[in-house]
Amino acid sequence: MPSAYTTLISVAQLQTLQAEGVPCMVFDCSCDLMQPAIGPAQYRESHITGAVYAHLDNNLSAKGDRAVTGAASGGRHPLPAREKFAEWLGSVGFTNGMQAVAYDRQGANYCGRLWWMLKWLGHDHVAVLDGGFQSWQAAEGATTAGEEAPRAGATFALKEPLVQLVSAETVLANLGAADQAILDARGAPRYKGEVEPIDPVAGHIPGALNRPFNLNIGTDGKFKDAATLRAEFTALLGQRDPAHVVHHCGSGVSAVPNILAMEIAGLGRTALFAGSWSEWCSDPSRPVAKG
């Protein structure tokens, strides 16, 4: 695919792809965890013309009992089976020959989920719109209100995963090992166990380092440059090998900006513990640290 983007894409680059007629699909992933109706409402109010809305709960997560749904992870936002997600992609007309672009209005908190999941399905040509919907509006990009017309269905074929998914059992088995460095993307008060607004237990996985996902975004609303990100992650990891990093957050969503940031920084494509803290703390036999 010419002009393929695999990490970030700028507004100007997306507009060029559209002008050149490159097969491309834009996904609006706007969301509010505490008020689920807000994301769809924001999409209906205004979105990039032609964008498909990707609902965190309905499209990017599995509902119901894991044993019944075949979910690929635990936690509050379990990953759906790869086949299920591929089926949804096909239902909105997305094919393997397309460039995917994901954005949100929340500082890349949610669109990274779709970015990671497409990599998980073996599709590398997916990028996050740097600066999100705000940058698109600032550039006076074309927007539409309401719903888009349904697209003709297509087939999206699964390929080998391009990212690593790690289970709670693997994290537990390697706890304290030199070849596992856990990065927690939640805010410092939740990481320290001072507050816990969502999950039943406060604290963090013993040995985990704290890297709140919003630290990747600069004052302009875009990802910091590669050199800055590399310096920040290197300082945090110290002597730990970036190749051994496993990311998590509360439910496997806001951990992804850290994965994307490390890739932008040239530190490689690191692993995701998708069940995250919500799955970890659901089993009282797993250790919890505070402070």
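General observations
- Top-ranked residue in region 18-33 [being among the aliphatic types (A, V, I, L, M) and either in contact with a Pro (Cβ under 8 Å, 6 or more places away or on another chain) or surrounded by 20 or more Cβ atoms within 10 Å (Cβ to Cβ) (or both); ranked as nearest to residue 225 (Cα to Cα)]: 26
- The lone exception for residue 78 - which of (1) touching a Lys or Arg at 6+ places or on another chain (Cβ under 8 Å); (2) buried (at least 21 other Cβ atoms within 10 Å of the Cβ); (3) over 29 Å from residue 186 (Cα atoms) it fails: (3)
- The one condition in (1) buried (at least 19 other Cβ atoms within 10 Å of the Cβ); (2) at pLDDT below 95 that residue 224 fails to fulfil: (2)
- Annotation: of all residues in region 128-179 being of a type in the set (A, V, I, L, M, F, W, C) and over 27 Å from residue 254 (Cβ atoms), the one that is surrounded by the most Cβ atoms within 10 Å (Cβ to Cβ) is 154.
- Within region 224-244, the only residue that satisfies the criterion of being within 19 Å of residue 187 (Cβ to Cβ) and outside any helix (DSSP H, G or I) is 224.
- Close Cβ contacts (under 8 Å, 6 or more residues apart or on different chains) running from residues in region 89-101 that are hydroxyl-bearing (Ser, Thr, Tyr) to residues that are part of a loop (DSSP other than H, G, I, E, B) and buried (at least 19 other Cβ atoms within 10 Å of the Cβ) comprise 95/156.
- Condition check for residue 259: under 26 Å from residue 31 (Cα atoms), in a helix (DSSP H, G or I), hydrophobic (A, V, I, L, M, F, W, C) and in contact with a Lys or Arg (Cβ under 8 Å, 6 or more places away or on another chain): yes
- Residues of region 155-192 classified as touching a Gly at 6+ places or on another chain (Cβ under 9 Å) and at pLDDT below 95, total: 1
- Yes/no for residue 17 being under 15 Å from the mean Cα position of the chain (by Cα) and either in a helix (DSSP H, G or I) or not assigned by TED's automatic domain parsing to the domain that holds residue 225 (or both): no
- Only one entry in 271, 227 is more than 17 Å from residue 170 (Cα to Cα) and hydrophobic (A, V, I, L, M, F, W, C), namely 227.
- Contact map, region 183-194: first residue assigned by TED's automatic domain parsing to the domain that holds residue 246 and under 19 Å from residue 171 (Cβ atoms), second residue among the small types (Gly, Ala, Ser) and not in a strand (DSSP E or B), Cβ cut-off under 6 Å, separation 6 or more or different chains; pairs are 184/208; 185/254; 185/255; 186/250; 193/202; 193/203.
The values are calculated or read from the model by the stated rules, or taken from the named source; none is laboratory data. The structure displayed is predicted, hence computed values, not measured ones. Please note: Cβ atoms are built from the backbone with ideal geometry, for glycine as well, and neighbour counts cover all protein chains shown.
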